[in-house]
Amino acid sequence: MSEYILDVTDVDKNFGGLRALSDINLRVKEGTVHAIIGPNGAGKSTLLNVIVGRLTPNRGRVLLGDQVLTGKHPYEINQLGVARVFQTPEIFPELSLLQNVMVPAFAKRDGEFKMGFLKSLFAEKEIREQAEHLLEDVGLIEHQDQIASSMSRGDKRRLELAMCLGQHPKLFLLDEPTAGMSRHDTNRTIELLQRIKERGMTKVIIEHDMHVVFSLADRISVLAQGAIICEGTPEEVRNDPRVKEAYLGGEAV
Amino acid sequence: MTHTKIASPKQDILYMAILSAVVLTMPIWLQPFGAAYPDLMQKFMIFGIFAIGYNILFGLTGYLSFGHAAFLGVGSYTAVWSFKLLSMNVIPALIFGTVLSGLFALAIGFVSLRRSGIYFSILTLAFAQMSYNLAYSVLTPITNGETGLQLTQGDARVLDRMAGIQADASLPTPNLFGIEGIGYSGFYICAALMLISFFIYLRIFRSPFGLKLRAIKSNQNRMGYTGYNTRPYLMTAFVISGMYAGLAGSLLAVTDPLAGAERMQWTASGEVVLITILGGVGTLIGPLLGAGIIKYFENILSAFNDSVLQNAFSFLPDWLAHGLASVLGLFVGDGWHLTLGLVFMLIVIFLPGGIMEGISRLWRLVSSSASSTDDKEKEQPSTKEA
């Protein structure tokens, strides 16, 4: 029905007296990459938290296709097809890389709860192969039996990407996927994200690194002080005077 | 702890075969240790079941319950009632004991699992103490209070009477179609049940369900954003471990048909935590080792007294023997808990992964020194699940 996969309408979020988000409207077309940029404290992560159900908005609603996400639990929202990578990688540190990728694959196949405790993990060939394939995709296959906590930060991020990709989400939210990465790792991640883009997965990406934003995004929204001040193609946003002001004006004060 | 390679079913069959051989030959190889008497070996098996069940909850999900003795108690009371009302056969006793504990765990878990971390621990502790106090006083008609629930000559034993089994002058003993629940036959009943329990426990460890439980322990936040409703998983683990405790409790009643409230006290709940940590939380075999070691030393050390010690030191000058005996005497006999406390402290400080960590460290030491002397042998990091 709707041509937009993500439809955020009139969302407000207050923390006590602080208005973190005011009157946010955001529409993301299926198969596109939508970047959200803005200075620190603009409310970017808060917006993602509202979409994935960690926070409930004070006003407004969030739709995924035709389904209402507002008021649902994070696990329900994930089951509907929203996956997210975090600013600091949220992985399973005590499990091996392969197991890390298998757990989300099981969630995709089995749903939010399934007993089946007499079945052997060894017999789950399909899931294992799928997990190995994903690790290959992100270039971590040779470490598949290593414990996740022993990996570098960049590797953990790529692991988290693999975990989310295994769920084939309709909407993939990325919160600063290259923060704190070396140039080399950043380029590898961009390459990886570009490859995923070709598969037609819709992505919303928060990023500080303009290099990343301009090489990936189809559309950009600029968030400042909890409000969207400008939206358009990368070219339009680059030339918008309000964007320059939001970034530079904040620093000048 | 390394849980990396996914174990194949063949490895597990080997695992079970070795464990069965070790357990069933216990009456032979425990003789040099002076532990080959049935009462103690039954305890090894029963507390082994209790501890592996506890490890399903604590080891896999990381939820530290401080109230598992309540399920042990419920299992015991139920089993004794089954002996009194239905039959001296152990099968109904074990089934009712396990099922009722499971239901009890469902109720306690429903409330306690609303919280995690320390609040979960305190809630379970509160429930267990409530159960203990109820059993001790208010529920005297069911539990026989302070005296404990015992068999009597005049018990109904409906099924036995229907089958034409009449009680003679002495009290009947629990039996499995004539195989008595005491002595060596009692040990083998316990051992068989322990092996069955262990097999199920092994399957849980190796299943996708077990992997998800471990993932909950590792990062519950991520589980939510990965589409899992964690509450039913935790609930299932809690009920399963409650049923294991119930089975252990019923077996305590099978080997000695009386049930007292002290079985539900917090010290009993603490004991299973101790056993699991001592052996190695989250490891497969650790809790069994922990149970064996604690029960062994409880029996050996608490049997020592001052005169035994004085005899042991009789080769020394009198004043020295006296002094040593009186110092060491603090750590044995009734004071064996002092030894246990010291050992526990040392383990937690130096080997947080318990005895299993000690074993795997030793293993690495041996295998690395072996590979350094033998250049041909390539060193491979051990990734097998202990």
Query raised in the report: Ordered by packing density, taken as the mean number of other Cβ atoms within 10 Å over each peptide's residues, highest first, how do B:237-248, B:222-233, B:9-20 rank?
Result: B:237-248, B:222-233, B:9-20
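Explain nothing, just the number: dipole magnitude of region B:10-282 about its Cα centre with +1 on each Lys and Arg Cβ and -1 on each Asp and Glu Cβ, in debye rounded to the nearest 20. Walk me through the numbers before you get to the answer.
On the way: 15 positive and 10 negative charges, 258 e Å.
Result for region B:10-282 is approximately 1240 debye, rounded to the nearest 20.
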Report task. Ignore the peptide's own chain and count Cβ atoms of other chains within 10 Å of each Cβ in B:263-269; give me the average, rounded. Result -> 0
Requested in this report: Report P(r) for region B:131-257: all Cα-Cα distances, bin width 5 Å, range 0 to the bin holding the largest distance, values in whole percent.
Outcome: 2, 8, 12, 14, 13, 13, 12, 10, 7, 5, 3, 1, 0, 0
Report summary line: With bins of 10 Å, the percent of all Cα-Cα pairs of region A:3-90 per bin from 0 is 17, 52, 30, 2
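Could you sort B:251-259, A:231-239 so that the peptide with the highest average Cβ count within 10 Å comes first and the rest follow in order?
Numbers: B:251-259: 25.0, A:231-239: 14.3.
Peptide ranking by packing, descending: B:251-259, A:231-239.
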Report task. Please report A:Arg219, A:Arg19 as a ranked list, fewest other C-beta atoms within 10 angstrom at the top and most at the bottom. Result -> A:Arg19, A:Arg219
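Can you tell me what share of the DSSP beta bridges in chain A is antiparallel? A percent to the nearest 5 is fine. List each step's numbers first, then the result.
Working: 21 of 38 bridges.
In chain A, DSSP labels about 55 percent of beta bridges as antiparallel.
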Query raised in the report: Can you give me the Cα centroid spacing of region A:214-250 and region B:188-256 in angstrom?
Result: 52
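What's the Kirkwood radius of chain A in Å, using all Cα pairs? Provide the component values of the computation, followed by the final result.
Values: mean 1/r = 0.0526 Å⁻¹.
The answer is 19.0 Å.
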Requested in this report: Normalise the Cα radius of gyration of the protein assembly as shown by 2.2 N^0.38 Å (N = residues in it) and let me know the number.
Outcome: 1.19
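Place the peptides B:34-42, B:56-64, A:83-91, B:154-162 in order of packing, highest mean first, counting for every residue the other Cβ atoms within 10 Å and averaging per peptide.
Packing order, densest peptide first, comes out as B:56-64, A:83-91, B:34-42, B:154-162.
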**Report entry** 20 Å-binned pair-distance histogram of chain B (Cα, whole percent)
**Finding:** 25, 54, 19, 1
Query raised in the report: Quick one: of the DSSP bridges fully inside the protein assembly as shown, what percent are antiparallel, nearest 5?
Result: 60
Query raised in the report: For peptide A:121-131, how many partner chain Cβ atoms fall within 10 Å of a residue's Cβ, on average?
Result: 3
Report summary line: Given backbone amide H placed at 1.01 Å from N, residues whose amide H is under 5 Å from that of A:Leu173, ignoring those fewer than 5 places away on the same chain, are A:Ala83, A:Arg84, A:Val85, A:Val204
Report summary line: Mean per-residue count of partner chain Cβ within 10 Å for B:199-211 equals 5
Query raised in the report: Kyte-Doolittle mean at least 0.0 and Cα extent at least 18 Å along the axis: which DSSP H helices of chain B qualify?
Result: B:9-24, B:38-55, B:69-85, B:90-112, B:117-133, B:183-206, B:230-255, B:266-279, B:286-303, B:336-350, B:354-373
Report summary line: Expected max-MSF residue from A:Glu30, A:Glu126, A:Glu94 in the GNM of chain A (alpha carbon, under 10 Å) is A:Glu126
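Any read-out appearing in this document is the output of simple, stated calculations on the displayed coordinates, not a laboratory observation. This is a predicted model, so every value here is computed, not measured. Please note: Cβ atoms are built from the backbone with ideal geometry, for glycine as well, and neighbour counts cover all protein chains shown.
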